[in-house]
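Student: Pasting in a structure now, in structure tokens, and then I'll have a few things to ask.
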Amino acid sequence: MTDTKEPLSFQGYRRPDGRAGIRNHILILPASVCASDTAEQIARQVEGAVSFHNQTGCSQVPSDMQYTMDVLAGFAANPNVYGTIVIALGCENCQCDLVVDAIRERTCKPLVSLVIQHEGGTIRTVEKAVRIARNMAAEASMAVKETISVSELILATECGGSDPTSGLAANPVIGCLCDRIIAAGGTAILSETTEFIGAEKILAKRAANQEVHDRILDIVARYEEHFRRNGENVRRGNPSPGNKEGGITTLEEKSLGCIHKGGSTEIKAVFDYGKQIPVTQKGLVIMDTPGNDPSSIAGMLAGGAQVCVFSSGRGTPLGSPIAPVIKITGNAGTWAVMEDNIDFDASSVITENRKPEDLSADLYQMLLSVCSGRLTKAELLGFTETAVMRACNYV
């Protein structure tokens, strides 16, 4: 798939832990919902700082809390982050020292923590954290970009607001892009376990070995069982009303379009939600994520993905606090009315009978330019929507 003449590198940042990033953020990391507004106030006052509203971190049982811990640690360890300041309230489940320890297990990058209750309230915490963050940002500004091989890229893939053009055009283009990245020695992640339902046996046939084959079937079976235990059927909520309005009739139909994002190569491994993907792991992998877009993307970024390519037939403005999200549509009408939010038009697969692999060459060039610093529409608009997968209700 990869043309030997096309570029095989981008300009990025080498981190102390050896990973390569494409952004140079200072992450103000809220350990819980109660620290989120304080973290946001800090980030607003520091050039280069980012944050998000963490709606979890407290009132959680251990299995549910683990998802939050993995995302918090994974965000801090993501190579797009230069350094992290953890902001905790002090009485949450995700205690500050637990978050710090989880981060330290994944990375050796700069890390500072503050506890609002220990610092004497929000104003004192903000004052102290802003000074620390500005010093960290000054250090980050000295980081020099270097040439990074595409083989070090971990590409997240996502689809949302899908319609039939997603499965017919945008997702096949993304799949061809994944094949290009993998041919260059890189890694691509196929996500959204919900949208494997009905297509899981097709995916399982592409497994590199029996263990991966069985894991693919297992995560789908567990997902459906989760709904049954709660007296629900996943098909009551998926496809969504927007999917149906766009022309998708069943979850199985949606799944058959969804899996095109994974391209054509073997599936090498299956990772649990938010778990770190080793730098030695190459090729196509699956991460067990929900169909909910912000929480699915969060899991893959926590796993180490530096960038996400996101298809949307109906259109979506969604972004991320720590990684660029490249939006692609296969719907010419959506491109016309939502160009403010969409980065790449793949509708010519349908309107002009262009081949997905040919369009993927253009998308590949855009991807490398984004990896080298070009801002996506979501970054320009400042969109940072984030959610975390849940195991059960709050306690």
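The values are calculated or read from the model by the stated rules, or taken from the named source; none is laboratory data. Predicted, not measured: the structure shown is a model, and the values here were computed from it. Cβ placement follows ideal geometry from the backbone for every residue including glycine, while neighbour counts extend to all protein chains displayed.
Student: Can you go through Arg215, Arg222, Arg180 and tell me which one is free of Cβ contacts under 8 Å to residues at least 24 places away in the same chain and not in a strand (DSSP E or B)?
Tutor: Matching residue, one of Arg215, Arg222, Arg180: Arg222.
Listed here are the residues, each with its yes/no results for (1) touching a strand residue (DSSP E or B) at 6+ places or on another chain (Cβ under 6 Å); (2) closer than 18 Å to Thr38 by Cβ.
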residue: Val81; (1), (2): yes, no
residue: Cys91; (1), (2): no, yes
residue: Cys96; (1), (2): yes, yes
residue: Glu105; (1), (2): no, no
residue: Thr122; (1), (2): no, yes
residue: Val126; (1), (2): no, yes
residue: Arg131; (1), (2): no, yes
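Student: For region 42-76, what are the residues that are surrounded by fewer than 16 Cβ atoms within 10 Å (Cβ to Cβ) and either touching a Gly at 6+ places or on another chain (Cβ under 8 Å) or of a type in the set (Val, Ile, Thr) (or both)?
Tutor: Within region 42-76, Val61 is the sole residue that qualifies.
Student: What are the residues in region 300-318 that are more than 9 Å from the chain's Cα centre (by Cα) and either over 16 Å from Leu363 (Cβ atoms) or assigned to a loop (DSSP other than H, G, I, E, B) (or both), if any?
Tutor: Ser312, Gly313, Arg314, Gly315, Thr316, Pro317, Leu318
Student: Can you find even one residue in region 157-165 that is surrounded by fewer than 20 Cβ atoms within 10 Å (Cβ to Cβ), β-branched (Val, Ile, Thr) and either on the phi > 0 side of the Ramachandran plot or at pLDDT below 95 (or both)?
Tutor: Taking every residue of region 157-165 in turn, none turns out to be surrounded by fewer than 20 Cβ atoms within 10 Å (Cβ to Cβ), β-branched (Val, Ile, Thr) and either on the phi > 0 side of the Ramachandran plot or at pLDDT below 95 (or both).
Student: I need every pair where a residue in region 343-364 that is in a helix (DSSP H, G or I) has its Cβ under 6 Å from the Cβ of a residue that is not aliphatic (A, V, I, L, M), sequence separation at least 6 or different chains.
Tutor: Cβ pairs passing all conditions: Ser348/Arg354; Val349/Pro356; Pro356/Pro172; Pro356/Cys176; Glu357/Cys176; Ser360/Cys176; Leu363/Phe344; Tyr364/Arg180.
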